[in-house]
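As structure tokens, the structure follows; a few thoughts come after it.
The values are calculated or read from the model by the stated rules, or taken from the named source; none is laboratory data. All of these numbers come straight from a predicted model, not from anything done at the bench. Cβ sites come from the backbone with ideal geometry, for glycine too, and all protein chains shown count toward neighbours. These accessible areas exclude ligands, DNA and RNA; they are computed on the full protein's heavy atoms, side chains included. Shrake-Rupley method; radii C 1.70, N 1.55, O 1.52, S 1.80 Å.
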Amino acid sequence: MCGRYTLSKSIKTIESHFKPVRISLKYFPSFNIAPSQISAVVVNSQNQSQLTEMKWGLIPSWAKDVQTGNRLINARSETLHEKPSFRESFKNQRCLIPADGFIEWKGKKPYYIRMKDQRLFAFAGLWSTWDSGEDPLNTFAIVTTEANTKLSPLHSRMPVILRPGDYAAWLSADSNSLTSLFTPGLDDELEYFEISTAINAPKNNEAKLLQPAGQSSFTF
């Protein structure tokens, strides 16, 4: 499960990391990205890498209403090839979701998870276009896998975090060749710590949300 994440790096850092050919979004750093919000994604468009924006919560093209997206924020890697909601997107519409951390809850306590060196990374994602006859809506979901040893004390699932060397394959390779990317890893590269329950409210969006509980200062 992944229900919140962060993307606080500058647009220059994001551009340098993903090297998109085209950038087509208005970017604002966020310390509390929640389902139904708009966030940055990288897609393969006409054989070019494009940084654009989509709504979190995948709505399949055949869905009857927009509320479907509220239930489809995550996609289990084990069943991508068979679930009707994700099958077509896994085959033809995959994306990278830039992030620099995510939040998981153990009981009522939220924990912030990030790379020890605080670097930017990417979740494996799926996307879809839903057209109700008005403005087409592009939406995405985060692919999840079993939690690694580091994170399993918090939750049984974690997002699939891709290595930069796997970005191109995730965007454009045949879907049948991608199952090896779902193996949980990064045990020695991740860290986590408890943060304030103020993160629970999606309207809250400031760096101090990620301050370790009990500390009066924090360098993000």
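Compute the separation of the alpha-carbon centres of region 16-66 and region 139-195 and state it in Å as a whole number. Using only Cα atoms, the two centres lie 18 Å from each other. Atom-type composition of the exposed protein surface of the chain places 47 percent of the accessible area on carbon and sulfur (1.4 angstrom probe).
Electrostatic bookkeeping for Cys2 treats Lys and Arg as +1 and Asp and Glu as -1; over the other residues with beta carbon under 10 Å from its beta carbon, the sum is +1.
P(r) tail for region 23-79, what percent of Cα pairs lie past 16 Å? Value for region 23-79 (Cα pairs over 16 Å): 56 percent.
Cross-link reach is defined here as a Cα-Cα straight distance under 18 Å, omitting same-chain residues fewer than 8 places apart; for Lys109 the aspartates and glutamates meeting it are Glu191, Glu194. In the full protein context, the chain carries 49 Å² of accessible surface per residue, based on a 1.4 Å probe and ignoring ligands, DNA and RNA.
Pairs exceeding 23 Å between alpha-carbon atoms, taken from Lys83/Lys203; Lys91/Lys203; Lys106/Lys208: Lys83/Lys203; Lys91/Lys203. Just checking the listed ones, Val66, Val41, Val160: in the Gaussian network model of the chain with Cα springs under 10 Å, the one fluctuating most is Val66. Only helical runs count toward this figure. For the chain, summing -39,500 (n - 2.57) over DSSP H runs of n ≥ 4 and dividing by all residues gives -2000 deg cm²/dmol at 222 nm.
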